[in-house]
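A short write-up of the structure that comes next.
The values are calculated or read from the model by the stated rules, or taken from the named source; none is laboratory data. Being a predicted model, the structure only gives us computed values, none of them experimental. Glycine gets a Cβ as well: all are built from the backbone with ideal geometry, and neighbour counts include every protein chain shown. When the accessible area is computed, the model is the full protein with side chains, heavy atoms only, and any ligands, DNA or RNA have been set aside. Shrake-Rupley method; radii C 1.70, N 1.55, O 1.52, S 1.80 Å.
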Protein chains: 2
Amino acid sequence: MKKDKQGCDGKTCLLCRLSLKEWAPAVTLHRRNFILQKGETLFKEGDPVEGIYFIHEGLMKVHKHWGPEKELIVRFAQKGDIVGHRGIGGLEQFYPVSATALAPVKVCFIEMDFFQASLKINHALLYELMLFYAQELQSSEKQMRNLAHMSVKGRMANALLLLQQKFGFNKDGFIDIALSKQDLASYIGTTYETTFRILNELIADRLVAVSGKNYTILNEAMLLRLTDIQ
Amino acid sequence: MKKDKQGCDGKTCLLCRLSLKEWAPAVTLHRRNFILQKGETLFKEGDPVEGIYFIHEGLMKVHKHWGPEKELIVRFAQKGDIVGHRGIGGLEQFYPVSATALAPVKVCFIEMDFFQASLKINHALLYELMLFYAQELQSSEKQMRNLAHMSVKGRMANALLLLQQKFGFNKDGFIDIALSKQDLASYIGTTYETTFRILNELIADRLVAVSGKNYTILNEAMLLRLTDIQ
DNA sequence: CGCTCGCTTGATAGTCATCAACCCGCGTGG
DNA sequence: CCACGCGGGTTGATGACTATCAAGCGAGCG
């Protein structure tokens, strides 16, 4: 994790956008900018909470571990997204998740004390954060139900649709996120091998196409049907 | 759903506790108090959002459906808890979950417009709500991981421990919540029959005891070990 | 040339959902 | 009073799904 000399553009992240004018110099003081390489971790599950991060560039996964080998990717975070907000409010001061870069990342870091102080003062910021939590909670609970009741194939269909919605397309028409099969598996909540097999079925049925770490949806309607009740 | 003449005690619910003094008369105007019988539903998944509810008394389940027969209980709500807050912030104005009374319930209802207006004005209220969301999100994501990676036995052990923590004990030493096996199954995210079998295993191993709809933990340490990584 | 590593495939076993049967107590009607 | 049927609780049998293990394959590299 290196320092980023260039720093924040003042437009991307929530804190900068919603920062009070008179508060801005203080923000500048308390902010630290970092660059992460692919694979580097911003914080790990169980680490003591130090602050909150705003992503300016790149892609991260937010994941929970289960033993040394297994994990569940809870969410992907890209430009403009918040990471580390799960550290707020819990009685324990430990991150309940890890955050790892999937592509080179630029983040700005705000000490938790200062951020909390901002929240106390900046009503608009607090309101936005509350809304953000509300949305996160909705998608999290939807995902819970899917994990409980949906088959792997359904969850994979769902995952691909969500990824397309969140990341859109790159110039080749693929979903604009490069994702290893292992990470896809962790996002779906299954194993590498199962992911592989089910993905092959979807390819055989001409519902999706895959090229390396890139995915594209060929038949959205059929994929959507896979996410229906059996 | 009948009207409740008695109404709110002004101490239990978040809104009353944190209400600004000058705002209190307005709260009284916009509040409606209701009584629900066991089995009655406060709102259903997909209903248009009308407002937010605070529970004064009783017990509710908050659940997501999957087809006509299956559901996942996302959370239990009791005295002092909020229900319907998932309606905030989503772009759609529909409840993403249902809320059903498991025991006779007294709630107070606040129109969403008025509640949102309160949030805009009442900073302490907004902050508490944000913290509440943050905690909900943490437990929700933990539950996600458990659903993805933990066995039914582990999830059942976890569920019983959580219930004990949340509801404490009644005078007979049982966990102070009466829960049908079907509801327990829906909370764990499995079927009725499986719940039954696994529960019997736990009973045979002298880890828990069951009497009708009541449960008690006999060997907390062993139960805790079941929630560990395999 | 041989090695390793990641990708791919096959075989197997464990977990769990599903369906069906059974038991038993209770209410009901003969 | 008894036979009957009904429904909820319980158990058994089966099969689907999926994790796991292990082996094969091929490309890149020392």
- Just grab the label-to-label distance for residue A:180 and residue A:23, each label 7 Å out from Cα along the Cβ direction, in nm (one decimal). 3.9
- q = 0.20 Å⁻¹, segment B:116-230: log10 I(q)/I(0) [Debye, one scatterer per Cα]: -1.06
- Any chance you could get the radius of gyration and Dmax over the Cα atoms of chain A, in Å? 18.7, 59
- Yeah, the protein assembly as shown with a ≥ b ≥ c from its alpha-carbon gyration tensor (a/c under 1.5 is rounded, else prolate when a/b outruns b/c, oblate otherwise) is oblate
- Every other copy gets compared here: list the nm distances from the residue B:7 label point (7 Å along Cα to Cβ) to its counterparts, shortest first, one decimal. 5.4
- Item | Surface per residue (accessible, 1.4 Å probe) for the protein assembly as shown, Å² | 47
- Message: Nearest 500 deg cm²/dmol is fine: what mean residue ellipticity at 222 nm does chain B get from its DSSP H runs of n ≥ 4 alone, each adding -39,500 (n - 2.57), divided by its residue count?
- Response: -12500 deg cm²/dmol
- Message: Distances in nm, one decimal, shortest first, from residue A:94 to the same residue in every other copy, taking the label point 7 angstrom along Cα→Cβ.
- Response: 4.0
- Restricting to lysines and to Cα separations under 24 Å from residue A:3, and discarding same-chain partners fewer than 8 apart, the set is A:11, A:38, A:44, A:61, A:79, A:106
- Query: Label-point separation (nm) for residue A:210 and residue B:79, each offset 7 Å from Cα along Cα-to-Cβ?
  - Reply: 5.4
- Message: How far, in nm to one decimal, is residue B:151 from itself in the other copies if the label point is set 7 angstrom along Cα toward Cβ? Shortest first, please.
- Response: 2.5
- Item | Accessible area buried, both sides summed, chains B and A with 1.4 Å probe, Å² | 4600
- May I ask you to derive the FRET efficiency for residue A:172 and residue A:116 from their Cβ-Cβ distance with R0 = 51 Å, giving the value to the nearest 0.05? 0.70
- Query: Sorted by mean Cβ packing within 10 Å, highest first, what order do the peptides B:67-80, B:137-150, A:217-230, B:46-59 take?
  - Reply: B:137-150, B:46-59, B:67-80, A:217-230
